[in-house]
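The values are calculated or read from the model by the stated rules, or taken from the named source; none is laboratory data. Every value quoted in this text rests on a predicted model; they were computed, and no experiment measured them. Cβ coordinates were reconstructed from backbone atoms using ideal geometry, including for glycine residues, and neighbour counts include every protein chain displayed.
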């Protein structure tokens, strides 16, 4: 059992932080550690602090929780720093999206080929990238040996940026790879007997290995598509209420047939405008809700998030309510706490991580972050040799997505209005240069974007 300090940036995101607190409380190998919760929203911070104190007490976990409004205080002398913060929050991004749509950019400026996820902002992520860099610089200054676990989107751009521009040890994390379990369940397979490999970029990973009882399970998938998929879709369309229930959607099957490997997790939300052109198109490919990134699906997500938040706050306020009823004491499948435990206790484990490629996936530069399986222990991250990706996936999904990442980082690091113009003039929704100029002017004229406007002058 090793005592460490863990700084949590953006801890006021109660839904996610509550899961983190639960997992930490159930990991005895980390008992005795100090968790420094940090957020700029004092009210939200107070709520998660109260939750943490009570929840850990209910399960009799030996953890010390602190709270602070100062990120430097959370980072100082930390062994691990978790960044889950979203600069501006969802309301800011929704305001930006509404303006973009008014000018003809359905679902916002950041919705482009191979990046359709609603809160994965890239070219307009100036404040998010600035926040990521701020935290990384503070780690360099106050805890140079700490590991930064980046859970805040955009993980692909963020991990690449911080790995290139700072000396911080950074790992990007996401749970999208767990989509392999939904594939197995649809086929009627025992998930515990499945072995998989999914590689690529965050939110763009492909199933390069799919084994069941040590045998190739792709033939089972092909047989299921041939004989069962139509019946599955009929039932699925009748019962779909969760917009994230899309792992075996028509879009996923079509992407498999088009590109040669099955997309996993959030990768199904990506693709080209073939799947996303308008709400009718989205419903065709992603079901009655239109998937999580339609105007219907995203509203369901935001509304459900708000309902859970209100329920959690009510439970926290009522000291008689046992918080283990709100969040039963069972480990989630998030990998952040197990990774911390593996590193702190020098106990080897294999995890899905985002790190610089360094030759693992052929055809991708060394200084670009990739999502791959890796072994983690007290000495750090050890990349595992993986299968490559087919030429069609490289040419039509990986390289276009990588190009967008490079453009977004160039815009953040160098500034200048011409980079925003160049981004939009390539957009399939752009009809004229006037449209581009007007949407840029409108977005940069927002009071919240005063600093960004100077950067892109």
Members of the range 298-348 found to be in contact with a strand residue (DSSP E or B) (Cβ under 6 Å, 6 or more places away or on another chain) and either loosely packed, with under 15 Cβ neighbours inside 10 Å or over 30 Å from residue 146 (Cα atoms) (or both), listed by number: 346, 348
Test: residue in the range 240-257 that is farther than 27 Å from residue 59 by Cβ, surrounded by fewer than 20 Cβ atoms within 10 Å (Cβ to Cβ) and touching a strand residue (DSSP E or B) at 6+ places or on another chain (Cβ under 9 Å): yes
Which listed residue, of 231, 283, is outside the structural domain of residue 155 (by TED's automatic domain parsing), in contact with a helix residue (DSSP H, G or I) (Cβ under 9 Å, 6 or more places away or on another chain) and farther than 15 Å from residue 117 by Cα: 283
Among 106, 55, 120, 92, the single one that is over 23 Å from the mean Cα position of the chain (by Cα) and not assigned by TED's automatic domain parsing to the domain that holds residue 244 is 55
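Per-residue answers, yes or no, for (1) in contact with a helix residue (DSSP H, G or I) (Cβ under 6 Å, 6 or more places away or on another chain); (2) closer than 24 Å to residue 328 by Cα:
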site: 23; (1), (2): yes, yes
site: 27; (1), (2): yes, yes
site: 31; (1), (2): no, yes
site: 55; (1), (2): yes, yes
site: 59; (1), (2): yes, yes
site: 72; (1), (2): yes, no
Within the range 286-301, is even one residue at positive phi, modelled with pLDDT of 95 or more and under 18 Å from the mean Cα position of the chain (by Cα)? yes
Number of the condition not met by residue 126 [criteria: (1) over 15 Å from residue 38 (Cβ atoms); (2) buried (at least 22 other Cβ atoms within 10 Å of the Cβ)]: (2)
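Looking at this structure, is residue 115 over 22 Å from residue 29 (Cα atoms), touching a residue at least 60 places away in the same chain (Cβ under 8 Å) and under 18 Å from the mean Cα position of the chain (by Cα)?
yes
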Kindly evaluate residue 104 against the criterion of being at pLDDT 95 or above and farther than 24 Å from residue 410 by Cα. yes
Within the range 343-374, tally of residues that are in contact with a helix residue (DSSP H, G or I) (Cβ under 9 Å, 6 or more places away or on another chain), without any contact (Cβ under 8 Å) to a residue 60 or more places away in the chain and over 23 Å from residue 263 (Cα atoms): 2
Give the residues of the range 385-398 that are exposed (fewer than 14 other Cβ atoms within 10 Å of the Cβ) and either within 18 Å of residue 173 (Cα to Cα) or without any contact (Cβ under 8 Å) to a residue 60 or more places away in the chain (or both), sorted by residue number. 385, 391, 395
Mind checking whether some residue in the range 108-115 is assigned to a loop (DSSP other than H, G, I, E, B) and touching a strand residue (DSSP E or B) at 6+ places or on another chain (Cβ under 8 Å)? yes
